[in-house]
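Here's the structure, in structure tokens; my notes come after.
The values are calculated or read from the model by the stated rules, or taken from the named source; none is laboratory data. The shown structure was predicted, so the numbers you read here are calculated from the model rather than taken from an experiment. Please note: Cβ atoms are built from the backbone with ideal geometry, for glycine as well, and neighbour counts cover all protein chains shown. Each accessible area value is taken on the protein alone, full model and side chains, heavy atoms only, with ligands, DNA and RNA left out. Shrake-Rupley method; radii C 1.70, N 1.55, O 1.52, S 1.80 Å.
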Amino acid sequence: MADKSILAVTMPKWGLAMKEGKVGDWLIGEGEEVDPGDELVEVETDKIASAVEAAHSGILRRRVAVPGEVLPVGALLGVLAGSDASGSKIDSFVADFQENFVPEETGEEDQGPETQSVETGTGKINYLRQGEAEEAAVLLHGFGGDLNNWLFNHPALSAERSVYAFDLPGHGGSSKQVGDGSVVSLAETLHEACKALGIEQVDWVGHSMGGALALQTVKVHPESVRSLTLIAGAGLGTEINSDYLKGFTGSQSRRELKPHIELLFNDPGLVTRQLLEDLLRFKRIDGVQDALQTIMNSFVRDGQQTEKWRDVLENKTIPAQVIWGATDRIIPSAHAFGLPRHVQVQVLENYGHMVQMEGATEVNRMILQFWQS
């Protein structure tokens, strides 16, 4: 019988398409105590580099994976256990795991959930649903992103909700028709998509421009909002890094794009070559450049955000929380201060604009606790 006090640290599955990851540097030495959320080892995928975090308390008794190795999802990276577990027990645990480990199948029948689409009056909206709960939540990414911006959050949040991650109009697999590109029109399209899917009284979670879309939804359709979570949300102030928006929109090569994408993260080392290639591939799709330019022109003028929805948070009937990375270089975290007292505010040190990716464990915990309360 397996010793339940000995726990495996395994290669995670970040996103539906991930099959393997390249092991980077270990961040914890053998014999060191860890708590849930502590970063153990770096892993690079074809999408992004990140750190594997401890899911349990314990002592890192064995570092099994070697930096530079490419291992499949589920492979053994290391072992957590208490000090009372003997070295021979750790050896047996590792040997048993390695002998019995079978990488996940890659056939079509094992692909898991796939993206779907819903038609609206202004075109198709692409989405990915995970979870089977009766209550629903919607995830809205920011300018230039797509539903994969939630790859570290979607599975965890789907334990409590049926979670729909949308590609915004003009983004990802959604229609590239964006009308006047205004927050008002984009938010109306997403509200229409929710109605077509039959989801009402939704927990809205919006990142960056997605936050402004969620605020607009609260303003016009408060009956459709059960709660509101804004992550580095736009629409709470005027300041914004317009040079980033222009640089992202105008970049046509990896060399041009890289310094702008690095601004999104506190740790620029998280930006991989593949991430840049994927963004460039998206930007070269017919209609994307015009869509991005139209949205940006509507959203920013003279280097500032054109509209504010800060007063929307005065609505005390809708629970709201705001999460921000303290080192955000796109929208200043100062926008999180001075909000109505009933709004829960969390500013997380050492994370940037993509705090939901860099600090996924903390952000997921905050959202789930917020929903439960």
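The table for this structure:
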item: Looking only at the stretch 201-237, and only at residues there that are among the β-branched types (V, I, T) and assigned to a strand (DSSP E or B), the one that is surrounded by the most Cβ atoms within 10 Å (Cβ to Cβ); result: V205
item: Residues being open to solvent by 20 Å² or more (accessible area, probe 1.4 Å), in contact with a helix residue (DSSP H, G or I) (Cβ under 7 Å, 6 or more places away or on another chain) and over 16 Å from N149 (Cβ atoms) - total across the stretch 278-295; result: 2
item: Hey, Q274 exposed (fewer than 15 other Cβ atoms within 10 Å of the Cβ), part of a loop (DSSP other than H, G, I, E, B) and modelled with pLDDT under 95 or not; result: no
item: Close pairs from the stretch 206-225: first farther than 17 Å from G237 by Cα and polar (S, T, N, Q), partner open to solvent by less than 10 Å² (accessible area, probe 1.4 Å) and part of a helix (DSSP H, G or I), Cβ under 6 Å, at least 6 apart; result: T217/A187
item: Flag if S5 is at pLDDT below 90, among the hydroxyl-bearing types (S, T, Y) and in contact with a Leu (Cβ under 8 Å, 6 or more places away or on another chain); result: no
item: Matching residues, the stretch 7-22, being assigned to a strand (DSSP E or B) and within 19 Å of A360 (Cα to Cα); result: V9, T10, G21
item: Checklist (1) over 21 Å from E358 (Cα atoms); (2) modelled with pLDDT under 90; (3) of a type in the set (F, W, Y) applied to W14, failing item; result: (1)
item: From S158, S175, residue being more than 20 Å from T120 (Cβ to Cβ) and without any contact (Cβ under 8 Å) to a residue 60 or more places away in the chain; result: S158
item: Enumeration of residues in the stretch 260-271 that are in contact with a strand residue (DSSP E or B) (Cβ under 8 Å, 6 or more places away or on another chain), surrounded by 14 or more Cβ atoms within 10 Å (Cβ to Cβ) and not aliphatic (A, V, I, L, M); result: N266
item: Test: residue in the stretch 159-167 that is among the acidic types (D, E), under 24 Å from Q305 (Cα atoms) and in a loop (DSSP other than H, G, I, E, B); result: yes
item: Failed criterion for G58 (all others in (1) open to solvent by 70 Å² or more (accessible area, probe 1.4 Å); (2) at pLDDT below 95 hold); result: (1)
item: Residue list for the stretch 315-373, filter: closer than 22 Å to P36 by Cα, assigned to a loop (DSSP other than H, G, I, E, B) and open to solvent by less than 20 Å² (accessible area, probe 1.4 Å); result: G352, M354, G359
item: Enumeration of residues in the stretch 127-169 that are under 16 Å from H207 (Cα atoms) and of a type in the set (G, A, S); result: A137, G142, G144, G145, A165
item: Strands (runs of 3 or more DSSP E) within the stretch 64-121 that include 1 or more residues at pLDDT below 95, surrounded by 11 or more Cβ atoms within 10 Å (Cβ to Cβ) and not β-branched (V, I, T); result: 70-72, 76-81
item: Of residues in the stretch 323-347 being among the small types (G, A, S) and under 27 Å from E262 (Cβ atoms), the one nearest to the chain's Cα centre (by Cα); result: G325
item: Residue check for R281: more than 24 Å from the chain's Cα centre (by Cα), more than 17 Å from L264 (Cβ to Cβ) and basic (K, R); result: no
item: Subset of the stretch 31-49 [open to solvent by 20 Å² or more (accessible area, probe 1.4 Å) and either at positive phi or small (G, A, S) (or both)]; result: G31, G37
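Yes or no, residue by residue, for (1) in contact (Cβ under 8 Å) with a residue 60 or more places away in the chain; (2) touching a strand residue (DSSP E or B) at 6+ places or on another chain (Cβ under 8 Å); (3) over 24 Å from L186 (Cβ atoms); (4) polar (S, T, N, Q):
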| residue | (1), (2), (3), (4) |
| --- | --- |
| K258 | no, no, yes, no |
| A291 | yes, no, no, no |
| V300 | yes, no, no, no |
| S333 | yes, yes, yes, yes |
